[in-house]
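Just below is one structure, and these are the notes that go with it.
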Amino acid sequence: MQHTSTQDTLVGLFVAAGIAGLFFLSFQVSNLSSFTQQDTYTLTARFENSGGLKVKSPVSAAGVKIGQVSGISFDPKTYQSVVVMKIDSQYNTLPDDTTASVFTAGLLGEQYVSLEPGGSDAFLKDNGSIDITQPAIILEKAIGQFLFKSASEEKK
Amino acid sequence: MIQLLQNLGKSTRSSFTKLGRATFFLLQTLSGILSVLLRPRLLLNQLYSVGVLSFLIITVSGLFVGMVLGLQGYYTLSDFGAEATLGVMVSASLVRELGPVVSALLFAGRAGSALTAEIGLMKATEQLSGMEMMAVDPVRRIISPRFLAGCLSMPLLAAIFSAVGIVGGQLIGSGLLGVDEGAYWSQMQASIDFQDDILNGVFKSFVFGWVTSWIALFEGYDAIPTSEGVSRATTRTVVNSAFSILGLDFILTALMFGDN
């Protein structure tokens, strides 16, 4: 009897340790703690070029993360990149002349959508679209333009 | 020449026969699981001998694997001035690959071999046929509880392995080498996804637990009932488990993490 009860305790401890390990992995290691299953609303923005933007890339305003990208597709009619974003519904006071731009965090960091609020009094609603966008800066293109420009200046 | 062909055919045929027996054995085991749930005491005893007794080796190996990852990762990453991403490197490699795979290999060596030897000896000393004589189904009574215990304890062991390893990496990284502790955890949290990384790792370890217990139990049940037969069966358990774990790991990784 004594033997089985110690055995039970050890099995209990083992299972508790395993579950504690899973909890540790879920909350301390992964993004589950920051991932709140809050209500979101959807915004769409059309970019000339969305660069290296990916699904789950952050959407931020004034440097604070307020949502994430939930889908990127190519529109074969307008040849634009359609980026669908989910924004936390507590931030539902974005003006309808908000500008969306694709920026890079640091020189080689990941790309994110930055929203810059305009001055309008009307707010963006669910399934609304952002009309003023600024495409991602492609580093190779910028360097190419710079080189081309300096070369043509030298000729003069 | 004819002899060679005959032998080839014989060994091919016998390996298919064995696979067939193993599948039949698995189905029998699965059908016995329901009766295990009616007798939880049997399962508890097996959780002790399969899970609790493997706990120590898993914890200690996890700690050392994490510490080695911290050390080696630091030297590689510091060449690029990217020590802050040490946490990402340690946790991603542990949660996705090393946790499930290494703990499954250790599990096969620690618990799998013990299972095979135990059941092989039961067969050699005719305990299994004794049970059948008493109208006790040995598969339900002996095999199914062990199988279920293996499937249940493997994900727990892998989670413990990864968790201890990540703490070990942190001990070395920020305790010894001076990586910023906040950066270690925050970078990790930013890039490890709950569903894509953690749950896939748990699923992997469940599959490995399933396969390892299946191989170990079948090899024991199918062993030639002599001392030499049991020793061969134990060897086959460890070798075959290692092969299947590593092979399955490749397939599962390609399926799960293929799209990113």
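Matching residues to (1) within 14 Å of chain B (Cβ to nearest Cβ); (2) modelled with pLDDT of 85 or more:
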residue: A:13; (1), (2): yes, yes
residue: A:25; (1), (2): yes, no
residue: A:37; (1), (2): yes, no
residue: A:55; (1), (2): yes, no
residue: A:75; (1), (2): no, yes
residue: A:89; (1), (2): no, no
residue: A:108; (1), (2): yes, no
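Going by what's in this entry, would residue B:152 be described as within 14 Å of chain A (Cβ to nearest Cβ) and over 22 Å from residue B:83 (Cα atoms)?
Values: within 14 Å of chain A (Cβ to nearest Cβ): yes; over 22 Å from residue B:83 (Cα atoms): yes.
Spelling it out, residue B:152 is indeed within 14 Å of chain A (Cβ to nearest Cβ) and over 22 Å from residue B:83 (Cα atoms).
Just to be sure, is residue B:93 assigned to a helix (DSSP H, G or I), surrounded by fewer than 23 Cβ atoms within 10 Å (Cβ to Cβ) and without any contact (Cβ under 8 Å) to a residue 12 or more places away in the chain?
Working: assigned to a helix (DSSP H, G or I): yes; surrounded by fewer than 23 Cβ atoms within 10 Å (Cβ to Cβ): yes; without any contact (Cβ under 8 Å) to a residue 12 or more places away in the chain: no.
Taking the combined requirement at face value, the residue does not satisfy it.
Within segment A:134-156, how many residues are β-branched (Val, Ile, Thr) and in contact with a strand residue (DSSP E or B) (Cβ under 9 Å, 6 or more places away or on another chain)?
Number satisfying all stated conditions: 1.
Just to be sure, is residue B:124 in contact (Cβ under 8 Å) with a residue 24 or more places away in the chain, over 14 Å from the mean Cα position of the chain (by Cα) and within 14 Å of another protein chain (Cβ to nearest Cβ)?
Working: in contact (Cβ under 8 Å) with a residue 24 or more places away in the chain: yes; over 14 Å from the mean Cα position of the chain (by Cα): yes; within 14 Å of another protein chain (Cβ to nearest Cβ): no.
No; evaluated as a whole, the condition is false for this residue.
Among the numbered criteria (1) farther than 30 Å from residue B:234 by Cβ; (2) buried (at least 17 other Cβ atoms within 10 Å of the Cβ); (3) of a type in the set (Gly, Ala, Ser), which single criterion is violated by residue B:190?
(2) is the only condition that residue B:190 fails.
Identify all residues within segment B:167-198 that are away from chain A (no Cβ under 11 Å) and aliphatic (A, V, I, L, M); write none if there are none.
Within segment B:167-198, B:171, B:172, B:176, B:177, B:179, B:183 qualify.
Could you please give the count of residues in segment B:158-192 that are modelled with pLDDT of 90 or more, closer than 22 Å to residue B:80 by Cβ and of a type in the set (S, T, N, Q)? Break it down into steps so the answer makes sense when it comes.
Restricting attention to segment B:158-192, the residues satisfying the condition of being modelled with pLDDT of 90 or more are B:158-172.
Still in the running and closer than 22 Å to residue B:80 by Cβ: B:166, B:169-170, B:172.
Then keep just the ones that are of a type in the set (S, T, N, Q); that gives B:170.
Of the residues in that region, 1 qualify.
From the list A:136, A:100, which residue is closer than 29 Å to residue B:187 by Cβ and part of a loop (DSSP other than H, G, I, E, B)?
Values: A:100 fails: part of a loop (DSSP other than H, G, I, E, B).
Only one candidate passes the filter, namely A:136.
Hey, does segment B:23-40 have a residue that's within 10 Å of chain A (Cβ to nearest Cβ) and surrounded by 15 or more Cβ atoms within 10 Å (Cβ to Cβ)?
No; the residues of segment B:23-40 include none that is within 10 Å of chain A (Cβ to nearest Cβ) and surrounded by 15 or more Cβ atoms within 10 Å (Cβ to Cβ).
Quick grid of which residues meet (1) β-branched (Val, Ile, Thr); (2) assigned to a strand (DSSP E or B):
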| residue | (1), (2) |
| --- | --- |
| A:82 | yes, yes |
| A:114 | no, yes |
| A:119 | no, no |
| A:140 | no, no |
| A:143 | yes, no |
| A:149 | no, no |
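When you go through B:202, B:164, B:139 one by one, which is the residue that is at the interface with chain A (Cβ under 8 Å from one of its Cβ atoms) and under 24 Å from residue B:217 (Cα atoms)?
Values: B:164 fails: under 24 Å from residue B:217 (Cα atoms); B:139 fails: at the interface with chain A (Cβ under 8 Å from one of its Cβ atoms).
Going through B:202, B:164, B:139 in turn, the sole match is B:202.
The values are calculated or read from the model by the stated rules, or taken from the named source; none is laboratory data. This one's a predicted model, so the numbers in the text were calculated from it and none came from an experiment. Positions of Cβ are backbone-derived with ideal geometry, glycine not excepted, and every protein chain shown enters the neighbour counts.
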